[in-house]
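Structure, as structure tokens:
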Amino acid sequence: MVSNEMQDACDETCQGSEPTAAEIKEAMMDDDTAGALADLFRALSDPTRVKIIYALLHRELCVHDISTALDMGQSAVSHQLRYLRNLRIVKRRKAGKTVFYSLDDDHIEQIFVQTLQHMKHG
């Protein structure tokens, strides 16, 4: 019986499509860019980090506030914030002895909100 589902391989007579594979290869992102993008999505693969980002969508918060909102210890939250800061997803600001965290820029917010909307749409 022949399945009507699309196959993941080209037919033997396939001549490719426009633009050609060579043109796509020429325009392909470099390995460093691909790695950085993969790192961003890897950061979003952890539920705790997703919750931290979601909390920071609303406003700048200190570690205590994030810990309380997530019902987690400050040490665990600080570890995740350091990871997110190293990837330039969040930034910090010191006010005296208190460190406040916020999203690094509007692009992070847009990526997160668009992805969340996509998940709710499905």
May I ask you to list the lysines whose Cα is less than 21 Å away from that of Lys120, ignoring any residue fewer than eight positions away on the same chain?
Lys51
Compactness relative to 2.2 N^0.38 Å, alpha carbon Rg of region 29-74:
1.45
With a 1.4 Å probe and all protein chains in place, put Asp8, Asp65 in order of accessible area, largest first.
Asp8, Asp65
In degrees, nearest 10, the alpha-carbon axis of helix 106-121 is tilted away from the dominant principal axis of the alpha carbons of the chain by 60 degrees
Rough spin-label spacing in nm, given labels placed 7 Å along Cα→Cβ, for Thr68 and Met29
3.8 nm
Over region 61-122, what is the mean sequence separation of C-alpha contacts under 8 Å (at least six apart), divided by residue count, expressed as relative contact order in percent?
27 percent
Relative contact order [Cα under 8 Å, 6+ residues apart], the chain, whole percent:
19 percent
Extent along principal axes [Cα atoms of the chain; Å; largest to smallest]:
68, 37, 22
With +1 on the Cβ of every Lys and Arg and -1 on the Cβ of every Asp and Glu, and nothing else charged, how large is the dipole of the chain about its Cα centre, in debye rounded to the nearest 20?
1380 debye
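The values are calculated or read from the model by the stated rules, or taken from the named source; none is laboratory data. For clarity, every value in this text was computed on a predicted model and none was experimentally measured. Here the Cβ is made from the backbone with ideal geometry for all residues, glycine too, and neighbour counts use every protein chain on show. All accessible areas refer to the heavy atoms of the entire protein, side chains included, with ligands and DNA or RNA removed. Shrake-Rupley method; radii C 1.70, N 1.55, O 1.52, S 1.80 Å.
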